[in-house]
Each structure stands twice: as structure tokens, then as C-alpha cells.
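S.K.: Got a structure here, written out as C-alpha cells. Questions coming.
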Amino acid sequence: MSQYVTFTLDGTLYGIDVLRVQEALRSHTRTRVPLAAGDVAGLVNLRGQVVLTVDLRTRLGIADRLGEREPMMVVVKTGGEVVSLLVDEIGDVVEVGPESFAAPPDTLDPEMRAVIRGAHKLDGRLLLVLDVDQAVAA
């Protein structure tokens, strides 16, 4: 069995291996990084630790957030670093077995397929498993 911290982006459900997630938080005030790539949302101070924040919507080529609702942050560990990912909403931790896992759907955009390890078929919904290392490095 595998456990994933789930979150949504533009209504689509994604999951990150629970062992890679440090914490999930409401959005913090970010400090802009001059000349940074467009998907770098800034730096946040998490209890004295300065952490890079990546807007996952921008990184994955998803349209900008509409409305005034603040994004949430999923703080993950990748390559010995801690990185904060901006997402729309945090979901539950779900536990799934290997029998529900499949390769990424063919309908995914090729750019998106590079950062999706596969999909778990849940009741009436797909859980896209995010490759955190690829998503942050993209």
C-alpha cells in the first residue's frame, strides 16, 4: 500500500508520496526573487528556514488561479532541499494499493506526462501521482 498527500490544481487531483511531504500549510507571505523564472513564486520563511516556493500551476502549464482565494503550500523534500509548492487546495492522505495504479493517461499533455509517474483509479476520479523531483527540476 502507498500513501499520498493529495491536493488539487484546476480541479484535478494530484498526490505526492507522504514520505516526501514535510508539511501542508496555508500560504505565507512570499518575498519576490528578482530575475527568477516565472514559476518561482518567491521565498518564504518557515520557522527560520528560507524556502523556495514554486507555483505548481505555472510549472505545469496550467492557467493562472482565478479569484482572490489564496493558494495552499505543500512543503516537500527533494534533492536534500526543502521546497514549497503552491497548490489550490490540500486534500486528505489517501492509501491505495498497486492494483489501482496505471501508466499516465494518454490524454495528458506531453509536458505534464514528464512529471506524472502514473495514476491511481479512485471511485469516480483519477489520482495523478506527481514525481516531485521532476516537477521541481522542470
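The values are calculated or read from the model by the stated rules, or taken from the named source; none is laboratory data. None of the values given here were measured: they were computed from a predicted structure. All Cβ positions, even for glycine, are placed from backbone atoms using ideal geometry, and neighbour counts span all protein chains on display. Remember, those area values only see protein heavy atoms, side chains included, never the ligands or the DNA or RNA. Shrake-Rupley method; radii C 1.70, N 1.55, O 1.52, S 1.80 Å.
S.K.: Any idea which residue in segment 72-87 is nearest to D109 (Cα to Cα), counting only those that are of a type outside the set (A, V, I, L, M) and open to solvent by 10 Å² or more (accessible area, probe 1.4 Å)?
M.R.: T78
S.K.: Further question on the same structure: Look at segment 100-135 and say how many of its residues are of a type outside the set (V, I, T) and assigned to a strand (DSSP E or B). Let's see the steps before the verdict.
M.R.: Going through segment 100-135, the residues of a type outside the set (V, I, T) turn out to be 100-106, 108-114, 117-128, 130-131, 133-135.
Imposing the further condition that a residue be assigned to a strand (DSSP E or B) reduces the set to 101-102, 117-122, 125-128, 130.
Here the count works out to 13.
S.K.: Looking only at residues in segment 35-93 that are of a type in the set (K, R) and touching a Lys or Arg at 6+ places or on another chain (Cβ under 8 Å), which one is farthest from R20 (Cα to Cα)?
M.R.: Here the answer is R65.
S.K.: Sort out which residues of segment 94-138 are under 17 Å from G11 (Cα atoms), open to solvent by 40 Å² or more (accessible area, probe 1.4 Å) and touching a strand residue (DSSP E or B) at 6+ places or on another chain (Cβ under 8 Å), and write them in order of number.
M.R.: Of everything in segment 94-138, those that are under 17 Å from G11 (Cα atoms), open to solvent by 40 Å² or more (accessible area, probe 1.4 Å) and touching a strand residue (DSSP E or B) at 6+ places or on another chain (Cβ under 8 Å) turn out to be K121, L122, R125, L126.
S.K.: Inspect segment 100-114 for any residue being of a type outside the set (G, A, S) and touching a His at 6+ places or on another chain (Cβ under 8 Å) and give the result as yes or no.
M.R.: yes
S.K.: Then there's this: Going by what's in this entry, would D64 be described as open to solvent by 20 Å² or more (accessible area, probe 1.4 Å) and in contact with a helix residue (DSSP H, G or I) (Cβ under 6 Å, 6 or more places away or on another chain)?
M.R.: So D64 fails the test.
S.K.: Further question: Of I16, I62, which residue is among the aliphatic types (A, V, I, L, M), closer than 26 Å to H120 by Cβ and at pLDDT below 95?
M.R.: I62
S.K.: Additional query: Quick check: anything in segment 49-59 open to solvent by 40 Å² or more (accessible area, probe 1.4 Å) and in contact with an Asp or Glu (Cβ under 7 Å, 6 or more places away or on another chain)? Spell out how you get there, then give the answer.
M.R.: Quick first cut of segment 49-59, residues open to solvent by 40 Å² or more (accessible area, probe 1.4 Å) only: 49-50, 52, 58.
Imposing the further condition that a residue be in contact with an Asp or Glu (Cβ under 7 Å, 6 or more places away or on another chain) reduces the set to 58.
Checked segment 49-59: at least one residue is open to solvent by 40 Å² or more (accessible area, probe 1.4 Å) and in contact with an Asp or Glu (Cβ under 7 Å, 6 or more places away or on another chain).
S.K.: Can I ask one more? Confirm whether V50 is over 12 Å from the mean Cα position of the chain (by Cα), among the β-branched types (V, I, T) and at pLDDT 95 or above.
M.R.: yes
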